[in-house]
Amino acid sequence: MNAYSLILQAGIVAKVVLAILLLFSLASWTIIFLKLRSLGGVDRQDQRFLKLFRDSKNLAATYEECRRLSQSPLAALFREGYRELSQGLKGTPVPAGSPPGTESAVKGLDLPPDTLLARLSRSLRHASLREISFLERALMFLATTGNITPFIGLFGTVWGIMDAFHGIGMTGSANLGAVAPGIAEALITTAAGLAVAIPGVIAYNYFLNRIKGVATRMDLFGLEFLGTAERIILRAGRG
């Protein structure tokens, strides 16, 4: 007797449980494939942005070019920081080492340096948390799948065993040949629950670790951008 025949012979409750588990499985695998594609795009665009940012001598040009990197959390972080920095400066912010014609783009400060740096740091932190929250979308469903589907399968098993023992009581036969088919039908739901839960748990932990890597990358870039912004602010303050 194979698993397919066990499913066909299962009772109505077991079939409902299996249908629920199938829905959880389809949703989980859809999320897994979408997350794999999404995080792959994040990594590629982050690398493109870092090269653009470090090679560029003009933050305004970087700001315009990074608009195309819609999947990059680092690009989003930069855009938020650039807008905040621009609001506190008189003129266009440019990093140290820019071509001679661009050094005079910053005319002064609209805010005290410490205030501007504090606002910039809060803005970067806010953007970082927003991007992490966006990347973590749907992960809770994977965690929920891993936690509850074994119990859904177990419910089907318990119900099936109750049904099997009820059949034994009705027929009066308790030999192994009479009990085994009903028990086997009941246990199929537990196996299905575990088959749904295990990929969900593995995927959840895998994606969580990848997102932690993205978060670390954003923290490091935030420090790098703050260093660049500090040099611009100090130069503007002296001007």
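The values are calculated or read from the model by the stated rules, or taken from the named source; none is laboratory data. Source: prediction; values computed, not measured. We place every Cβ from the backbone using ideal geometry, glycine too, and count neighbours over all the protein chains shown.
Table for the structure above
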{"quantity": "Enumeration of residues in the stretch 24-66 that are over 15 Å from residue 214 (Cβ atoms) and β-branched (Val, Ile, Thr)", "calculated": "30, 31, 32, 62"}
{"quantity": "Any hit, the stretch 22-36, residues being at pLDDT 95 or above, in a helix (DSSP H, G or I), of a type in the set (Lys, Arg) and within 25 Å of residue 142 (Cα to Cα)", "calculated": "yes"}
{"quantity": "Positions within the stretch 47-69 being touching a residue at least 12 places away in the same chain (Cβ under 8 Å) and surrounded by fewer than 16 Cβ atoms within 10 Å (Cβ to Cβ), in sequence order", "calculated": "57, 60, 67"}
{"quantity": "Pair list, Cβ under 6 Å, 6 or more apart: the stretch 10-39 residue over 17 Å from residue 146 (Cα atoms), other residue of a type in the set (D, E, K, R)", "calculated": "10/185; 11/163; 39/210"}
{"quantity": "Qualifying residue in the stretch 163-175 (condition: of a type in the set (S, T, N, Q) and at pLDDT 65 or above)", "calculated": "no"}
{"quantity": "Tabulated pairs, the stretch 189-217, first more than 21 Å from residue 16 (Cα to Cα), second in a helix (DSSP H, G or I) and basic (Lys, Arg), C-beta under 8 angstrom, 6+ apart or interchain", "calculated": "203/35; 207/35"}
{"quantity": "Matching residues, the stretch 203-230, being of a type in the set (Phe, Trp, Tyr) and closer than 21 Å to residue 121 by Cβ", "calculated": "221, 225"}
{"quantity": "Residues that are farther than 14 Å from residue 121 by Cα and of a type in the set (Lys, Arg), drawn from the stretch 62-85", "calculated": "67, 68"}
{"quantity": "Matching residues, the stretch 70-117, being part of a helix (DSSP H, G or I), surrounded by 13 or more Cβ atoms within 10 Å (Cβ to Cβ) and at pLDDT below 60", "calculated": "102, 103, 105"}
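The rows are residues; the columns are (1) at pLDDT 90 or above; (2) under 32 Å from the mean Cα position of the chain (by Cα); (3) part of a helix (DSSP H, G or I).
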{"residue": "187", "(1), (2), (3)": "no, no, yes"}
{"residue": "191", "(1), (2), (3)": "no, yes, yes"}
{"residue": "197", "(1), (2), (3)": "yes, yes, yes"}
{"residue": "210", "(1), (2), (3)": "yes, yes, yes"}
{"residue": "225", "(1), (2), (3)": "yes, yes, yes"}
{"residue": "228", "(1), (2), (3)": "no, yes, yes"}
